[in-house]
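Enquirer: Sharing a structure with you now.
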Amino acid sequence: MRKILTVLVLVMFLGAAFSAAPGITQVSYNPSPAVPGSTIQVLVQVENTENVAKTNVTVSLDDDYPFKVKSNSEVNVGTLAAHAKTTVPFTVYIDPSAENTTYMLNVRVVTDQDSVGRLVPSSIVISGEEPNLKVVGVSSSKLIPGEEKQISLTVQNVGTSSAYDVVVELQEDRTVTSTGEVVEREILPLGTATKYVGTVLPGDQSSVMIMVSVNREADLKNYTLPVTVSYRTPAGARESTTSYIGFKVSGDVSIDATLKEIVGSAVAGTQNTVTIELFNKGAGKAEFVIASLEADCGTTDGIKEFIGTLEPNDVDSFRSEVTLGKEIATGDCVLGVNIEYQDSDAITKNVTVPVSMMAYSAADGAALMGGGPDIGTIIIVIVVIAVIIWWWKRRKRK
């Protein structure tokens, strides 16, 4: 009997010396279920079920995939009195690539009395919505007829699950008339119209480059093209979504000018009527064209001429009066052709095109207008002189 009592006392002392760490009585998280790419609040309830206090009670979470503990993954709650309990909060981030399944999150508790502590795996259910991919950006939405251009399409996963084996494809957008005729679209991909992306995590974006070509005869207007994005869901099913991107085909306006005709002498101090020819070298249409003239060698009438519309490869002209200065020297007189117009984007622009005109000083002009002996007169004079010399020499011999 005495031996039995001795054993019981030893067991009691050993239990006190090697008492276990407080128990993890409850682990909860919110929101539940967890969603990939989001954060959850994890609450760990720790309870000391023994009659002695526990010191330096430390609660921690393991940073195992797909969990990432934000801020501190280890919290020291200090001393936990006998039969006391406390709740420790953690913020945990769920990796976007996590599958829709149940993962185990390990919770540990250690104390001064038990450095090994307790490890309790807790179930965290992850259930995101299906992936959903959309084209959310295009690098360039303005194209020019006859242009070849590389554009970048940006795809984003707006769902809450990962999308796998993502393929982006610029779709054919043909029009079939009532007679069965197939009308091809004006914007076509060069090379392959399909690009493989791979995996796109929830909320992430990925870009692909596609080369497109615009028909030279394409109408200047807005075009809408469908882009299909296909992908595999976490469950393995193949899904696809279609987004529409808009392009504006518009040509640049390039107006040039040349001197077509001069009515007058172009001499210092004189008034001359000049005809300026305008032509549009660009692929875009210029509307509400207004032209006027200025000169660095004199003055102009300053009248603004309304031209109207200049289509690509179109030509028009206007007249203006130029009065040359009295003191100008012989040389090029630069006429500034001021052109105001609206481009295909309805933006008003102004451009000045220099045009050269040959002008003469008063002295050179007088000589030019007075004229010199013509070739016939010169020949007659030469003949007369020759006859005189011949007659004089003959008379001298006699």
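Read-outs throughout are calculated quantities, based only on the coordinates presented, and are distinct from any laboratory measurement. Just so you know, these numbers come straight off a predicted model, no measurement behind them. In this analysis, Cβ positions are derived from the backbone assuming ideal geometry, glycine residues included, and neighbour counts consider all displayed protein chains.
Enquirer: Taking the Cα of Thr101, stepping 7 Å toward and past its beta carbon, and measuring to each backbone N in the range 55-77: which are under 17 Å?
Expert: 64-67
Enquirer: Could you check the simple spin-label distance between Asp204 and Lys142, using points 7 Å along Cα→Cβ, in nm with one decimal?
Expert: 3.4 nm
Enquirer: Which value, to two decimals, describes the C-alpha radius of gyration of the range 133-249 once divided by 2.2 N^0.38 Å?
Expert: For the range 133-249, the normalised Cα radius of gyration is 1.15.
Enquirer: Which order do Glu181, Glu340 fall in if you start with the one that has the fewest other Cβ atoms within 10 Å?
Expert: Details: Glu181 8, Glu340 16.
Sorted ascending by nearby Cβ count, the order is Glu181, Glu340.
Enquirer: Another question about this same structure. Which distance in nm do the two modelled labels at Gln271 and Val125 give, with both placed 7 Å along the Cα-to-Cβ direction?
Expert: Going by the 7 Å Cα→Cβ label model, 9.6 nm.
Enquirer: Of Asn100, Phe318, Asn272, which is farthest towards the positive pole of the chain's charge dipole, taken about the Cα centre with +1 and -1 on the beta-carbons of Lys, Arg and Asp, Glu respectively?
Expert: So the residue we want is Asn272.
Enquirer: Relative to the Cα centre, what is the charge dipole magnitude of the chain, using +1 at the beta carbon of each Lys and Arg, -1 at the beta carbon of each Asp and Glu, and rounding to the nearest 20 debye? List each step's numbers first, then the result.
Expert: Numbers: 32 positive and 45 negative charges, 286 e Å.
The dipole of the chain has a size of about 1380 debye.
Enquirer: Rounded to the nearest 0.05, what FRET efficiency do Glu327 and Ile347 have when you use their Cβ-Cβ distance and R0 = 41 Å?
Expert: On the way: r = 42 Å, r/R0 = 1.01.
Efficiency computed from Cβ-Cβ geometry: 0.50.
Enquirer: Amide H neighbours of Gly37 under 5 Å, at least 5 residues apart or on other chains, H built in the peptide plane: list them.
Expert: Hits under the 5 Å cutoff: Ile94, Asp95, Ala98.
Enquirer: What full-extension length gain, to one decimal in nm, is calculated for Thr87 and Thr192 as 0.36 nm per residue of separation minus the Cα-Cα distance?
Expert: Values: separation 105, 0.36 × 105 = 37.80 nm, distance 5.86 nm.
Full-extension gain reported as 31.9 nm.
Enquirer: A further question follows. Of the residues Lys326, Lys149, Lys281, which exhibits the maximal mean-square fluctuation in a Gaussian network model of the chain defined by a 10 Å Cα contact cut-off?
Expert: Result: Lys326 has the largest fluctuation of those listed.
Enquirer: With charges set only on the Cβ (+1 for Lys and Arg, -1 for Asp and Glu), what does the dipole of the range 255-370 come to about its Cα centre, in debye to the nearest 20?
Expert: The dipole magnitude comes to about 160 debye.
Enquirer: Could you let me know the centre-to-centre spacing of the range 307-335 and the range 136-172, using Cα atoms, in angstrom?
Expert: First find each Cα centre; the distance between them is then 49 Å.
Enquirer: Taking 0.36 nm per residue of separation and subtracting the Cα-Cα distance, what length does fully extending Val334 through Val263 add?
Expert: Separation in residues times 0.36 nm, less the Cα-Cα distance, equals 23.9 nm.
Enquirer: Oh, and also: How much FRET efficiency would the formula 1/(1 + (r/R0)^6) give for Asp219 and Thr49, where r is the Cβ-Cβ distance and R0 is 56 Å, rounded to 0.05?
Expert: About 0.10, to the nearest 0.05.
Enquirer: Note the listed values (1) 189, 61, 49; (2) 137, 61, 34; (3) 72, 50, 34, then indicate which one is Cα extents along the principal axes in Å calculated from this particular structure.
Expert: (1)
Enquirer: Counting every Cα pair in the range 85-187, what percent are over 20 Å apart?
Expert: Pairs farther apart than 20 Å: 68 percent.
Enquirer: Go ahead and run the numbers for FRET between Ser152 and Ile382, Cβ-Cβ distance against an R0 of 51 Å, rounding to 0.05. Present the calculation step by step, with values, prior to reporting the outcome.
Expert: Values: r = 81 Å, r/R0 = 1.58.
In this case the efficiency is close to 0.05.
Enquirer: Rounded to the nearest 500, what is the chain's calculated 222 nm mean residue ellipticity when only DSSP H runs of at least 4 contribute -39500 (n - 2.57) each, over all residues?
Expert: Calculated from helices alone, the mean residue ellipticity at 222 nm is -4000 deg cm²/dmol.
Enquirer: Could you check which residue among Pro121, Pro312, Pro189 shows the biggest mean-square fluctuation in a GNM of the chain with a 10 Å Cα cutoff?
Expert: Judging by the Gaussian network model, the answer is Pro121.
Enquirer: So for the range 245-390, considering every pair of alpha-carbon atoms, how many percent are separated by more than 24 Å? Mind dumping the intermediate values first?
Expert: Working: 5168 of 10585 pairs.
Cα-Cα pairs in the range 245-390 separated by more than 24 Å: 49 percent.
Enquirer: Please report Arg232, Arg395 as a ranked list, fewest other C-beta atoms within 10 angstrom at the top and most at the bottom.
Expert: Listed from fewest to most nearby Cβ atoms, that is Arg395, Arg232.
Enquirer: Give me a comma-separated list of calculated 3J(HN,Hα) values for the range 93-100, in order, Karplus coefficients 6.51, -1.76, 1.60 applied at θ = phi - 60°, integers in Hz, x for any Gly or Pro.
Expert: 9, 9, 4, x, 7, 5, 7, 7
Enquirer: Which one, Val384, Val46, Val263, has the greatest fluctuation when you compute a Gaussian network model over the chain with C-alpha springs under 10 angstrom?
Expert: Comparing Val384, Val46, Val263 in the GNM, the peak value goes to Val384.
Enquirer: Is there a quick way to get the dipole size of the range 133-249? I mean about its Cα centre, with the Cβ of Lys and Arg at +1 and of Asp and Glu at -1; what is the value in debye to the nearest 20?
Expert: The calculated dipole for the range 133-249 is roughly 280 debye.
Enquirer: Do the alpha carbons of any pairs in Lys142/Lys195; Lys195/Lys285; Lys134/Lys349; Lys149/Lys285 sit beyond 26 Å of each other, and which pairs?
Expert: The pairs that break the limit, which is 26 Å between Cα atoms, are Lys195/Lys285; Lys134/Lys349.
Enquirer: If you don't mind, there's one more thing I want to ask. Work out the P(r) tail for the range 19-125: percent of alpha carbon pairs separated by more than 23 Å, whole number. Before the final figure, lay out each step's value.
Expert: Numbers: 1543 of 5671 pairs.
I get 27 percent for the Cα pairs in the range 19-125 exceeding 23 Å.
Enquirer: Give me the distance between the Cα centres of the range 66-97 and the range 22-64, rounded to whole Å.
Expert: Computed from Cα coordinates, the inter-centre distance equals 5 Å.
Enquirer: Moving on. Given Val109, Thr309, Leu43, which one lies farthest toward the positive end of the charge dipole of the chain, if we put +1 on the Cβ of every Lys and Arg and -1 on the Cβ of every Asp and Glu?
Expert: Thr309
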